[in-house]
1. Across segment 38-59, what is the total count of residues that are farther than 11 Å from L78 by Cα and either open to solvent by 60 Å² or more (accessible area, probe 1.4 Å) or touching a residue at least 40 places away in the same chain (Cβ under 8 Å) (or both)?
2. Report the residue count in segment 121-165 for those that are of a type in the set (V, I, T) and under 15 Å from the mean Cα position of the chain (by Cα).
3. Among residues belonging to segment 186-199 that are closer than 18 Å to A108 by Cβ and in contact with a strand residue (DSSP E or B) (Cβ under 6 Å, 6 or more places away or on another chain), point out the one that is surrounded by the fewest Cβ atoms within 10 Å (Cβ to Cβ).
4. Where in segment 66-168 are there strands (runs of 3 or more DSSP E), lying fully within it, with 1 or more residues that are open to solvent by 40 Å² or more (accessible area, probe 1.4 Å), under 20 Å from E181 (Cα atoms) and of a type outside the set (K, R)?
5. Within segment 1-37, how many residues turn out to be assigned to a loop (DSSP other than H, G, I, E, B), at pLDDT 90 or above and open to solvent by 70 Å² or more (accessible area, probe 1.4 Å)?
Amino acid sequence: PAARAGCVISADGAYAARLARSGDSWFPERWTLDGPEPYAVPLPGSQPEEPGTEVLPMADGRVLIHRLTDGRHAFSLLYPTGPGTGEVPLGAVECPDPGTELWLLPPAPGGLRAYALAVGPLSTAVWLVAGGAFGPEHLAEVPGRCSGGVWLGGGDRLLALDRRVRGRTKTVVVDLQRGGELSPLLQIAEESDDRLLLADAD
């Protein structure tokens, strides 16, 4: 699996989130970046977090946290409440295949929704894990094993993924508003491995 970012910055650059360490314990931490001076707010829960726990800042200042518990991928929104940390559980995603990996996609434009990628042996699922009406929502199933994740067009409709099929990697676009409709985006040559790293929002 690809290495995950140690610090994630929201799409508008106003907030950042990371997993911070205190001795042998880990806890989420939110940074405010759009004021005169950046500052951090610790968001410790009732117990320490696992080192591999993912966090992602939302546009409203809350922090999405992704925990793996009892084989289920659980999601919650954290926010400061004076001396403590408030938590809004969002639900969980179960991956029946033990070989499936699930991780958060980069912050989506707008910052109101968050998405995750579940990569199985033969296909990859795109999940809406925050911002939906009824908890995590399965949006699309893409044949092949996907990686990466770049938002196109300045919104959270078109998602570019690097898809590996038959030993070759090509970048495809997944239209999340049209049931996961696929279209090719990047192929330099028939036998090349092509991955999309960045895209200008315009």
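1. 10
2. We begin by selecting, within segment 121-165, every residue of a type in the set (V, I, T); these are 124, 126, 129, 142, 150, 165.
From what is left, the residues that are under 15 Å from the mean Cα position of the chain (by Cα) are 124, 126, 129, 150.
Of the residues in segment 121-165, 4 are of a type in the set (V, I, T) and under 15 Å from the mean Cα position of the chain (by Cα).
3. Restricting attention to segment 186-199, the residues satisfying the condition of being closer than 18 Å to A108 by Cβ are 196-199.
If we keep only those that are in contact with a strand residue (DSSP E or B) (Cβ under 6 Å, 6 or more places away or on another chain) as well, we get 196, 199.
On the way: L196: 18, A199: 14.
Taking the candidates together, the pick is A199.
4. Working: elements: 72-81, 84-94, 101-104, 114-119, 123-130, 137-143, 145-152, 158-165.
Output list reads 123-130, 137-143, 145-152, 158-165.
5. Here is the first cut: in segment 1-37, the residues assigned to a loop (DSSP other than H, G, I, E, B) are 1-6, 10-14, 23-24, 33-37.
Checking the rest, the ones that are also at pLDDT 90 or above come to 10-14, 33-34, 36-37.
When the remaining residues are screened for being open to solvent by 70 Å² or more (accessible area, probe 1.4 Å), the result is 12, 34, 36-37.
The qualifying residues number 4.
The values are calculated or read from the model by the stated rules, or taken from the named source; none is laboratory data. These numbers come from a predicted model, not from an experiment. Every residue, glycine among them, receives a Cβ derived from its backbone with ideal geometry; neighbour counts consider all protein chains shown. To get the accessible areas, we keep the full protein, side chains included, count just its heavy atoms, and leave off ligands, DNA and RNA. Shrake-Rupley method; radii C 1.70, N 1.55, O 1.52, S 1.80 Å.
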